[in-house]
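Undergrad: Mind having a look at this structure? Questions to follow.
What follows is calculated from the coordinates using simple rules that are stated; it is not laboratory data. On a predicted model such as this, the values are computed, not experimentally measured, just so you know. Note that each Cβ is placed from the backbone with ideal geometry, even for glycine, and that neighbours are counted across all protein chains shown.
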Amino acid sequence: MKQRVSLFAEGTFRIKAGQRENSMYKVFLVDDDPFILEELIDIVQWEENGFEVAGSSTDPEEALSKIPELDPEVVFCDLKMPGLDGNEMIRRLREGGAECEFVMISAYDSFENVRTFFQQTGFDYILKPVNTEDIQMVLEKLMAKLGRKYPLERQPVLTDNPEFNKLVTYLNENYEEKITLGGLAQKFGFSRNYICALFQKYFNKSLNLYLTELRMEHAKRLLLDKTILIKEVAYRCGYMDYYHFFKVFKDYYGISPREMQEQNT
């Protein structure tokens, strides 16, 4: 019997998100260990970040046929799998015309493995054991890139739900602060899942993507002022971690904050 080995680092488990909603970016998961797939599905807050797990497989050969049928926007896959490793699976999918983003989750970080992955336009490479902060950062970067890749039409701020309008107005006026789904739920008396559902219903996007768009637009305006340090821009847009801000900004706009500031000269 195969021994169960946890994908996640000890102490990083989070509560499983609620029922999936429509109009989300589709994710497909590939790992030869069924326990790993179970953890990925149950622990990662996919729905709260605007994703749904559309399918999964422990057999990379099976994944080769399922992925084109489901046409997900993102594929998370393991590197070392029997018969067909992750990089070879990605190569064959790319040759077949797959345009999805690939995220590799692996215990192996050799230069050749990583180089091969990124040569095949892989999106990100996460080392095991994973912590949920790593996954969260990758999901936020994915949402920023997918938002540019598959732009969604902006909706009016006001909806037919007055209480939700108050929440949206609060975000529009306070996005520089630290905002969490749990904090919003407590402040406005909604459940976490209901807030996610409202953003999908009215804006066809996740709360995180809506908040990222607000912050990125504000960052772009701030960068017009050459006297403001980029670290200050990050702080004034609600990012305490400059590296996180830099990655999200570059994934969103395709250039670094410094490059955008220089373009404004």
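Undergrad: May I ask you to sort SER106, SER191, SER56, SER206 by Cβ crowding, counting other Cβ atoms within 10 Å and putting the fewest first?
TA: Ranked by crowding around the Cβ, least crowded first: SER191, SER56, SER106, SER206.
Undergrad: Further question on the same structure: Using the charge dipole of the stretch 162-263 (Lys, Arg: +1 at Cβ; Asp, Glu: -1 at Cβ; taken about the Cα centre), state which of ALA185, ASN165, THR212 has its Cα farthest towards the positive end.
TA: ALA185
Undergrad: Mind giving me the nanometre distance, one decimal, between the label points for ARG258 and PHE111, set 7 Å out from Cα along Cα→Cβ?
TA: Calculated label separation equals 2.4 nm.
Undergrad: Which order, highest average first, do 93-100, 42-49, 232-239 follow once you tally other Cβ atoms within 10 Å for each residue and take the mean per peptide?
TA: Answer by packing, highest mean first, reads 42-49, 232-239, 93-100.
Undergrad: While we're here: Under the Kirkwood approximation for Rh and a Cα-based Rg, what ratio Rg/Rh is obtained for the stretch 162-263?
TA: With Rh from the inverse mean 1/r over Cα pairs, Rg/Rh is 1.02.
Undergrad: Do any of LYS128/LYS187; LYS66/LYS128; LYS149/LYS187 go past 30 Å between their Cα atoms, and which?
TA: LYS128/LYS187; LYS149/LYS187
Undergrad: OK, next. Once phi is turned into θ = phi - 60°, what whole-Hz ³J(HN,Hα) does the Karplus curve with 6.51, -1.76 and 1.60 give for every residue of the stretch 175-187, x standing for Gly and Pro?
TA: 5, 6, 8, 6, 10, 10, 4, x, x, 5, 4, 5, 5
Undergrad: Would you mind putting 168-180, 27-39 in packing order, based on average other-beta-carbon counts within 10 Å, highest first?
TA: Output ranking for 168-180, 27-39: 27-39, 168-180.
Undergrad: Sticking with this one: How about LYS231: which lysines have a C-alpha closer than 21 Å to its C-alpha, ignoring those fewer than 8 places off in the same chain?
TA: Within the straight-line limit of under 21 Å, LYS231 reaches these lysines: LYS141, LYS178, LYS220, LYS247, LYS250.
Undergrad: Name all residues of the stretch 199-234 having a backbone nitrogen under 17 Å from the label point set 7 Å from the Cα of THR180 along its Cα→Cβ direction, giving them as ranges.
TA: Of the residues in the stretch 199-234, 207-208 have backbone N under 17 Å from the label point off THR180.
Undergrad: Using only the Cα atoms of the stretch 44-90, each taken as one equal point scatterer with no solvent, compute I(q) by the Debye sum, divide by I(0), and report log10 of the ratio at q = 0.17, 0.21 Å⁻¹.
TA: With one equal scatterer per Cα and no solvent, log10 I(q)/I(0) is -0.52, -0.75.
Undergrad: What does the stretch 25-149 give for Rg and for Dmax, in Å, if only its C-alpha atoms count?
TA: 13.1, 36
Undergrad: Which order do the peptides 58-70, 216-228 take when ranked by the mean count of other beta-carbon atoms within 10 Å per residue, highest first?
TA: 58-70, 216-228
Undergrad: GLU101's amide H: which non-local residues (gap 5+, or another chain) put their own amide H closer than 5 Å, with H modeled 1.01 Å from N in plane and none for Pro or chain starts?
TA: When sequence neighbours closer than 5 places are left aside, the close amide H contacts are VAL74, VAL75.
Undergrad: How big is the equivalent ellipsoid of the stretch 157-200 along its three axes, where each semi-axis is √(5λ) from the Cα gyration tensor, reported in whole Å from largest to smallest?
TA: 15, 14, 9
Undergrad: Tell me the label-point distance for the pair GLU163, ASN131, using the 7 Å Cα-to-Cβ offset, in nm and rounded to one decimal.
TA: Each label point is offset 7 Å from its Cα along the Cβ direction, giving 3.6 nm.
Undergrad: Starting from the Cα gyration tensor of the stretch 194-244, take the square roots of the eigenvalues, sort them a ≥ b ≥ c, and report rounded, prolate or oblate (rounded when a/c is under 1.5, otherwise prolate if a/b is larger than b/c, else oblate).
TA: prolate
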